[in-house]
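What follows is a set of notes on a single structure, which appears directly below.
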Amino acid sequence: MTSTRRSFAQGILAVSALGLSSTAWAVDTLKIGYVSPQTGPLAPFGEADKWVIDQMKTAFKDGIVVGGKTYNVQIVLKDSQSNPNRAGEVANDLILKDKVALILTAGTPETANPVSDVAELNEVPCISSVVPWQPWFFGRKGNPATGFNWTFHVFWGLEDVIANYTNGWKSVQTNKKVGGLFPNDGDGNAWGDKELGFPKPLQQMGFTLTDAGRFQNGTQDFSAQIAAFKKEGVEIVTGVVIPPDAKTFLTQAKQQGFKPKVITLGKALLFPGAIEALGELGDGLSTEVWWSPAHPFTSSLTQQSAKALADAYESSTKKQWTQPIGFAHALFELASDSLKRSKSLKAADVRDAVAASKLKTVVGDVAWGGQGPFKNVSKTPLVLGQWVKGKKFKYELNIVNNDAAKVIPTSGVLKLN
């Protein structure tokens, strides 16, 4: 026992001996809420969260000083179950029952949007991520002139994913005919939006897009989409689908003799587990890369490089690194930095500290009001990756195009399927 702890314990005993309540000596607890999909079809987005939270317990073991007072830190993790209604309910619980000082949330619009909405309504500061900014901002009916008062977002936008996908496609020989898979959900409707999404820029760049219409997540039959793509001579397939739908589509495409030269999908192809589940179908698939061990950034909280963070995850979980690790970690970097700068734990003080953030994190520089289209959005860099047969793991993610973010090194070039 250290001398500090010993004297603290002796102090408690002395107070008890005097018949006084020892609770007067107890350090107050500061609660941080975290909402992500731990279960359901979007669970791969939350797969690393418990590991990150365990890491944070060590980082916060000595507490956080807010306004000159030290607080113990308690992180309360809630599962959105990949369901928007559930996400809203647990966010309410964090605010009304757990009395959290700050909410963090990540993992597609189906979780981050309802959590952000509840935080905005209840005037509790919230930082969200892992949603392109358009479905987060416009999906919540954000007004560009005023933005939001309590909710802040850090991620890239559709303009970045479009730039990366098309940079890759331009580097290979195709007929520039693209088939779009856009489901009827927050991401799909944003990606397929004629103004905000893929259609307009693709047309401007000389690509022809075949959009076979919205479909429900979990659909078991992609015959209509495959028939439309074959009819139009599609050689590139893109879209934003959940992992089970990617497997269904790719399996049925193979069965029906549809062999595109390039398959670049958001969401479904982000995770090593999803690629392994595809078997041989996983080889050569491409996707956006928001974070990787190759990213040249360092944590402000643990001083780990992106590579050290990924290595620590692989070493302790015996699993392959996964992209959400970086952003889950960065959310806690931002939370810690904001709370340390806050005048008090009053909601408005914490909110003001969040808004004033200027921090170098493991996902890059974050600054609201200076690095995004609106005051509530801070953008992070994006590159293109392709899954190839690996050395350490069955498939490994090569960065194959960095035209949009030269600071992140490549490890290969895009190859045709």
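The values are calculated or read from the model by the stated rules, or taken from the named source; none is laboratory data. From a predicted model like this one, the values you see are computed outputs, not experimental measurements. Neighbour counts are summed over all protein chains in view; Cβ atoms, including those assigned to glycine, are modelled from backbone coordinates with ideal geometry.
Observations on the model:
- Any hit, the stretch 339-349, residues being in the same structural domain as THR108 (by TED's automatic domain parsing) and in contact with a Lys or Arg (Cβ under 8 Å, 6 or more places away or on another chain): yes
- Against the test of being among the aliphatic types (A, V, I, L, M) and within 20 Å of VAL130 (Cα to Cα), the options LEU269, LEU281, LEU285 yield a single qualifying residue, LEU269.
- Within the stretch 60-97, restricting attention to residues that are more than 30 Å from PRO135 (Cα to Cα), in a loop (DSSP other than H, G, I, E, B) and in contact (Cβ under 8 Å) with a residue 24 or more places away in the chain, the residue that is farthest from the chain's Cα centre (by Cα) is GLY67.
- Count of the stretch 270-286 residues which are under 21 Å from the mean Cα position of the chain (by Cα), surrounded by 21 or more Cβ atoms within 10 Å (Cβ to Cβ) and assigned to a helix (DSSP H, G or I): 3
- Residue match in the stretch 318-333 (condition: buried (at least 21 other Cβ atoms within 10 Å of the Cβ), of a type in the set (Asp, Glu) and either assigned to a helix (DSSP H, G or I) or more than 21 Å from the chain's Cα centre (by Cα) (or both)): yes
Listed here are the residues, each with its yes/no results for (1) surrounded by 12 or more Cβ atoms within 10 Å (Cβ to Cβ); (2) of a type outside the set (D, E, K, R); (3) in the same structural domain as PRO244 (by TED's automatic domain parsing); (4) modelled with pLDDT of 95 or more.
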position: GLY19; (1), (2), (3), (4): no, yes, no, no
position: LYS31; (1), (2), (3), (4): yes, no, no, yes
position: PRO41; (1), (2), (3), (4): yes, yes, no, no
position: ALA48; (1), (2), (3), (4): yes, yes, no, yes
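- Residue, surrounded by the most Cβ atoms within 10 Å (Cβ to Cβ), within the stretch 141-195, restricted to residues that are of a type in the set (Val, Ile, Thr), assigned by TED's automatic domain parsing to the domain that holds GLU235 and assigned to a loop (DSSP other than H, G, I, E, B): THR174
- Checked against the criterion of being under 25 Å from LEU42 (Cβ atoms) and without any contact (Cβ under 8 Å) to a residue 12 or more places away in the chain, the stretch 373-382 has no qualifying residue.
- Residue that is surrounded by fewer than 19 Cβ atoms within 10 Å (Cβ to Cβ), under 26 Å from THR238 (Cα atoms) and of a type in the set (Asp, Glu), where the choices are ASP352, ASP403: ASP403
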